[in-house]
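What follows is a set of notes on a single structure, which appears directly below.
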Amino acid sequence: MVDIHSHILHQVDDGSHSLDESIEMCRASADDGIRVMVATPHAHDGKHTTHNPELLNQKVTELNNQLRGIPKIVLGCELRFTHEIVKQICETHTAPTIAGGPYALIEFPHAMVPPGSERPLFELMSNRITPIIAHPERNAMLMDEPNRFYELISLGVLGQMDTGSITGQFGKKVQKAARVMLENGLIHFIASDCHNTRNRLPGMSAAVALTAKIVGEEYARAMADDNPAAVVEGRPIPTCPTATLPQKKRKWLLFG
Ligand SMILES: [Fe+2]
């Protein structure tokens with residue numbers, strides 16, 4: 001498997017606290033069957049310092065030297081959506097794309113999708129960078145109105161789901177939204193979004209097994225392996241499900 005969302009670089013955000021913890025997280029990932037991890041520290045989120053890619057690359061090299069390729073670590077970031085994303089990715093280069101390729105991991109603020117988001121996302125695609133939206137199932141607005149995410153998918157953006165959303169770590173409401181998005185083909189990747197060795201753990205296999213029960217083995221495997229591998233290698237993703245518009249549940253069904 002390939003994990004495209006992780007906070008394994010130490011002392012750069014709210015992820016790993018030390019090199020030892022980073023090594024422990026990566027080894028646990030390898031034991032779980034992960035062969036490549038993308039380190040995605042928070043960038044331009046107003047909470048954490050946005051480190052320059054040169055420093056982050058030094059940390060990646062340090063980690064790779066310790067791990068000797070098991071798993072292999074490459075750099076990306078989790079870029080907080082603002083109307084500046086095109087400038088940050090394509091002009092000032094303060095937000096690295098995944099492994100320097102044509103995909104960028106972008107997260108919306110937790111409560112909502114900012115109005116007018118389509119334009120910068122579309123502009124990014126005009127610059128040949130495909131936005132991957134991090135954990136849409138945990139966004140309060142998209143949780144209630146997954147049809148809004150369908151509209152973004154229709155534009156050409158892709159969706160990444162957190163393992164914890166599938167296993168229920170973030171609560172029933174998130175788990176339900178995750179299921180709706182999976183069933184409607186709005187998700188292209190599963191990733192750990194691991195932060196530490198205590199409560200935001202590395203590893204994907206348990207969530208992939210649960211996902212397989214919902215959408216079948218083939219699609220679940222594609223989201224954890226073939227699709228993220230293509231992202232890291234800068235290729236088009238091999239499995240792109242047909243997206244369908246999530247239907248609003250009629251009230252009487254809730255009691256039925
Ligand atoms: Fe994250």
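Can you pull out every residue in the range 187-198 that is of a type in the set (S, T, N, Q) and within 14 Å of the ligand (Cβ to nearest atom)?
Of everything in the range 187-198, those that are of a type in the set (S, T, N, Q) and within 14 Å of the ligand (Cβ to nearest atom) turn out to be SER192, ASN196.
This table checks each residue for (1) over 12 Å from ASP193 (Cα atoms); (2) crowded, with 18+ Cβ neighbours inside 10 Å; (3) polar (S, T, N, Q).
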residue	(1), (2), (3)
ASP14	no, no, no
HIS42	no, yes, no
GLN58	yes, no, yes
THR61	yes, no, yes
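Scan (1) within 27 Å of HIS51 (Cα to Cα); (2) assigned to a helix (DSSP H, G or I); (3) within 16 Å of the ligand (Cβ to nearest atom) for the single condition ALA178 breaks and write down its number.
Condition (1) is where ALA178 drops out.
Between residues in the range 51-68 that are under 17 Å from HIS7 (Cβ atoms) and residues that are surrounded by fewer than 16 Cβ atoms within 10 Å (Cβ to Cβ) and modelled with pLDDT under 95, which pairs lie under 6 Å by C-beta distance while being six or more apart or on different chains?
Once the first residue is under 17 Å from HIS7 (Cβ atoms) and sits in the range 51-68, no partner that is surrounded by fewer than 16 Cβ atoms within 10 Å (Cβ to Cβ) and modelled with pLDDT under 95 comes close enough.
Which count do you get for residues in the range 201-242 that are within 18 Å of SER165 (Cβ to Cβ), free of Cβ contacts under 8 Å to residues at least 60 places away in the same chain and assigned to a loop (DSSP other than H, G, I, E, B)?
Residues meeting the conditions: 1.
Please verify whether ARG179 is under 16 Å from the mean Cα position of the chain (by Cα), within 20 Å of ASN139 (Cα to Cα), surrounded by 14 or more Cβ atoms within 10 Å (Cβ to Cβ) and of a type in the set (Lys, Arg), treating the condition exactly as stated.
No.
Within the set of pairs 6+ apart or on separate chains, which have a first residue in the range 1-13 that is over 9 Å from VAL38 (Cα atoms) and within 15 Å of the ligand (Cβ to nearest atom), a second that is assigned to a strand (DSSP E or B) and of a type in the set (Gly, Ala, Ser), and C-beta atoms under 6 Å apart?
Final answer for the pair search is LEU9/ALA39.
Taking into account only those residues within the range 199-210 that are more than 16 Å from the ligand (Cβ to nearest atom) and among the hydrophobic types (A, V, I, L, M, F, W, C), which is nearest to GLY76 (Cα to Cα)?
VAL208
The values are calculated or read from the model by the stated rules, or taken from the named source; none is laboratory data. What you see is a predicted model, and the numbers here were worked out from it, not measured in a lab. Backbone-built Cβ (ideal geometry, glycine too); neighbour counts: all protein chains shown.
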